[in-house]
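Below is one structure; the comments refer to it alone.
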Amino acid sequence: MRIRLLVLLPLLFLAPVVGAEAAPLAVGDIVTITDGPGTTGGGEFNMFVNGSSQSFVTFCLQRTQYIGFNQQFKVGGVTNYADDPGGNDPISLQTQWLYSNMRGGTLTGYAHTNAMADLLQTAIWYFENEISLGNPNSNAFVTMANNAVKNGFKGASNVKVLNLFYMNGAQAQDQLVLQVPGPAALTLVVPGLAALAFMRRRRALATA
């Protein structure tokens with residue numbers, strides 16, 4: 001039983017890394033965006049970083065700011081809020097839950113189709129106070145996210161907002177990103193792996 005627990009510990013420490021970008025995005029990075037499923041004028045969008053051929057799926061937080069496809073944008077901030085003209089607008093717990101589960105492939109019922117992308121973008125805009133809904137519970141993702149928060153979800157620290165700017169300095173539409181954990185989180189992996197290696201060696205010696 002002890003051995004099985006030690007085998008599981010490194011996996012638990014590594015779990016937040018799954019689904020994150022290959023490297024943390026930082027201020028000054030250059031991104032381009034292409035269109036994906038969805039017909040609302042929002043996501044899904046595909047984001048490419050610093051000329052990479054690899055992309056990740058993102059959704060926008062602001063309905064009244066815009067981006068253009070296949071043009072460059074500069075990352076002006078990697079924050080916990082949308083950089084709105086009226087001030088900073090912190091990202092909601094519900095949006096964090098929706099995006100982290102979508103990126104992790106665990107958002108129930110989600111598929112990369114126009115209908116699902118529209119439903120998810122609508123839910124995100126609703127939680128970010130960009131739109132109102134006559135009957136919020138008619139959107140399954142709104143209901144799921146509210147239930148998650150009601151049941152104790154406290155936030156996903158790896159869900160961040162990219163505060164984007166046009167290359168001329170004008171403000172662009174902010175986008176969601178799933179960041180890799182920082183060095184402090186990664187240090188948790190080392191003790192787990194060391195314990196696993198020790199137990200395997202011990203077991204091998206006992207067998208011999």
Legend entry - By average C-beta atoms within 10 angstrom, highest first, the peptides 92-103, 135-146: 92-103, 135-146
Legend entry - Equivalent ellipsoid, the stretch 21-180 (semi-axes from 5 times Cα gyration tensor eigenvalues, Å): 24, 16, 16
Legend entry - Principal axis box of the stretch 56-97, alpha-carbon based, largest edge first, Å: 31, 25, 19
Legend entry - Sites residue 27 and residue 129 - FRET efficiency at Förster radius 30 Å, r taken between beta-carbons, to 0.05: 0.70
Inset, instruction - Could I have the simple spin-label model distance between residue 106 and residue 52, label points 7 Å from Cα toward Cβ, reported in nm to one decimal? - result: 2.2 nm
Legend entry - Relative frequency of Cα-Cα separations exceeding 18 Å in the stretch 49-126, percent: 50 percent
Legend entry - Candidate lysines - alpha carbon under 20 Å from residue 74, same-chain residues fewer than 8 apart omitted: 160
Inset, instruction - Could you give the size of the charge dipole of the stretch 21-180 about its Cα centre, using +1 on the Cβ of each K and R and -1 on the Cβ of each D and E, expressed in debye and rounded to the nearest 20? - result: 320 debye
Inset, instruction - Order the peptides 65-76, 38-49 from the highest to the lowest mean number of other Cβ atoms within 10 Å of their residues. - result: 38-49, 65-76
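Taken together, the values in this text are just the output of simple stated rules run on the coordinates, not laboratory data. Keep in mind it's a predicted model, so treat the numbers as computed, not measured. Here Cβ is always computed from backbone atoms with ideal geometry, including for glycine, and neighbour counts include all displayed protein chains.
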